[in-house]
1. Take the alpha carbon gyration tensor of the range A:82-194, find the square roots of its eigenvalues, order them as a ≥ b ≥ c, and report rounded if a/c is under 1.5; if not, report prolate when a/b exceeds b/c, else oblate.
2. Where both residues lie in the protein assembly as shown, what percent of DSSP beta bridges are antiparallel, nearest 5?
3. Got a sec? Charge dipole of the range A:3-248, +1 on Cβ for Lys and Arg, -1 for Asp and Glu; which of A:G225, A:V144, A:G25 is way out at the positive end?
4. Excluding same-chain pairs closer than 8 in sequence, count the lysine pairs in chain B whose Cα atoms lie under 22 Å apart.
5. Cα gyration tensor of the range B:65-157, axes a ≥ b ≥ c as square roots of the eigenvalues: rounded (a/c below 1.5), prolate (a/b > b/c) or oblate?
6. Counting only protein heavy atoms and rolling a 1.4 Å probe, how much accessible area do A and B lose on contact, total for both sides, in Å² to 100?
7. Could you work out how much longer the chain between B:E95 and B:T55 gets when fully extended? Use 0.36 nm per residue separation minus the Cα distance between them, nm to one decimal.
8. A:K20: which lysines have alpha carbons under 23 Å from its alpha carbon, excluding same-chain residues fewer than 8 sequence positions away?
Amino acid sequence: MSTLEIRDLHVSVETKEGPKPILRGVDLTISSGETHAIMGPNGSGKSTLASALAGHPKYEVTSGTVTLDGEDVLEMSVDERARAGIFLAMQYPVEVPGVSVANFLRTAKTAIAGEAPALRTWGKEVKSAMENLRIDPAFAERSVNEGFSGGEKKRHEILQLELFKPTFAILDETDSGLDVDALRIVSEGVNRAKETTDVGVLLITHYTRILRYIKPDFVHVFVDGKVAEEGGPELAERLENEGYDRYVGTGATMA
Amino acid sequence: MTSTTENKGGAAVPTLTTDHSRAKADGAHSHGVVPAGSRAERVTSFDLADIPVPTGREEEWRFTPVDRLQPLFAPELGAAGVRTTVVPAPEVRVEIVGRDDERLGTAGKPGDRTAVTAWNAFTEATVVTVPAEAVASDVTSVRVEGISKDATASHLLIRAERFSQAVVVVDHLGDALLDQTVEIVVEEGAHLTVVSVQDWADGAVHASSHRATIARDGRLKHVVVTFGGDVVRITPDATFAGEGAEVEMVGLYFADADQHQEHRLFVDHAQPRCKSRVTYKGALQGVGAHAVWVGDVLIQAHAEGTDTYELNRNLVLTDGARADSVPNLEIETGEIDGAGHASATGRFDDEQLFYLMARGIPEVDARRLVVRGFFAELIDEIGVPAVEERLIASIEAELEKSMSVITGVADAAE
């Protein structure tokens, strides 16, 4: 049983005009096995929270704390956070030319586990995880994310979630840009990870659509860099019907 | 289109790309800075008097630190600075000949000052011959070792006779002031691979004119690998002497602090229905690291059915390094199959680094993965396993240097 605790988190992003505050005091506690949906209109700071938790250098934490079972996450480098058990499925996965998916997966798994995975079982594990996500086996020899479609990139992110078995997974708008089939495949992958590893999930999304496939235990509505309202799954249903209008007043609606 | 990207100091570096793949153009189309008119009009001569000592303002010298090459501009060059050793494949013949041997000087004329001084100064040449229809069963290894800093001229001729096949690897190591000519003659239907590795010690200065001629249906794979040295300037010229010939020119370089590595290529499509592919990739690290790539391609008026593509990519790993990249394409006929070029210089991508580190991979390993990935495709193209393995090892050694820089910086910041 692990706990990821975010307390009064303030984060600024680097811009040409200087640092711009985005998060203004976020409080959130996630435990193993729980799924928390973070929802909110564009620009509310959802993705900033994801990037800041993973340690992206563009985002500066100006105050507040993040701890994983009491350990100071903010003191850790990006790779240390990953090895401590935090996984970020990125909204825009990056292409790495010349590095094959197979090599990348093995290198990352070795780094996270602290030792190289057993050759025989690892091969099988990768193969069956790819099958489950309907990823063509030929992808193993392709360069990471290079020439992948939007849906293929997202499935590759979830493939990593299933193989790396993190303690906490942050899914940054994994659903955006997916058609219904891809959304179902990706959601099944997340649900498999939840069943088999007791991973705690922070599901960041603009839409309620994905919540039909991945059931949240808690819903947090982000507005203007902090949590404006919290509740259970029923809050998502209300958002589905009412949109974000009541939080922001002007034109921000659910698509 | 000329693209030159500079990276000086800590400013954000724009990624600059020109890509006119499959460009087709009329006779008036010309690319790049060609102040002396067409590349075809540039002076080439065996006569010293025709090609004076450059000032550094000339088109072909404008990126070069000419002061560091001064000793090689002088007409009097010795022969004692390097030792050349050849270990031939069993089928391959090696001779040492005088400068009056009639096989010398058949692969084109010198095109700049160091090329013309090299031609006039050498007394003996090494001739490597792959006899007609022979298929070499092993790599032929030519080792050029610097043994003193006396300005030295050397001449090597590699001949692949009709329908022969061979791989010749020319290795440069030690410390030297070397002005070199490498002539490459590919006869009808021959397939020749020539690999030139510049693995010099830090202070070496090396100017080298590679002049290749490829006869009907001949194929030349020309590979240049530059790691070491103070100044290395290589000017490979390839001229087609018959139809249906092909040249593939591959280059890989890794410039460190204060190193100048320059590769100036010229492919002369003087015959119809020939194919050329040029792919050069380089990484740069450290203050004062300077890489120059200039790729000139001339498609002459009668060279119908030409198919050419050239590409240069630079990966700038640290601040203070500079890459100049200039593709020039001159097309004098519209009847071509394809002609294009691409050039891009980019900084090490922090987003790639973040992506890999966010998967638990430590920074040093992540950088190594990205740089290996950058070169991977190119290394596969070389097709000579012994060279590929050495190359991977050399890239690793280069990366060790930049890793210690990175680790040092990180420590200082804490």
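1. On the way: a/c = 1.43, a/b = 1.23, b/c = 1.16.
Rounded shape, in that the Cα axes give a/c under 1.5.
2. On the way: 47 of 191 bridges.
If I count the DSSP bridges inside the protein assembly as shown, around 25 percent turn out antiparallel.
3. A:V144
4. Details: B:K8/B:K281; B:K8/B:K401; B:K24/B:K275; B:K109/B:K221; B:K221/B:K275; B:K221/B:K281; B:K281/B:K401.
Going through chain B pair by pair, I get 7.
5. Working: a/c = 2.36, a/b = 1.71, b/c = 1.38.
Since a/c reaches 1.5 and a/b is larger than b/c, the shape of the range B:65-157 is classed as prolate.
6. Details: alone 12140 and 16070 Å², together 26360 Å².
Approximately 1900 Å², summed over both chains.
7. Numbers: separation 40, 0.36 × 40 = 14.40 nm, distance 3.76 nm.
Full-extension gain reported as 10.6 nm.
8. A:K46, A:K58, A:K226
The values are calculated or read from the model by the stated rules, or taken from the named source; none is laboratory data. For clarity, every value in this text was computed on a predicted model and none was experimentally measured. Note: ideal-geometry Cβ built from the backbone for every residue, glycine included; neighbour counts use all protein chains shown. For accessibility, only protein heavy atoms count, side chains too; no ligands or nucleic acids. Shrake-Rupley method; radii C 1.70, N 1.55, O 1.52, S 1.80 Å.
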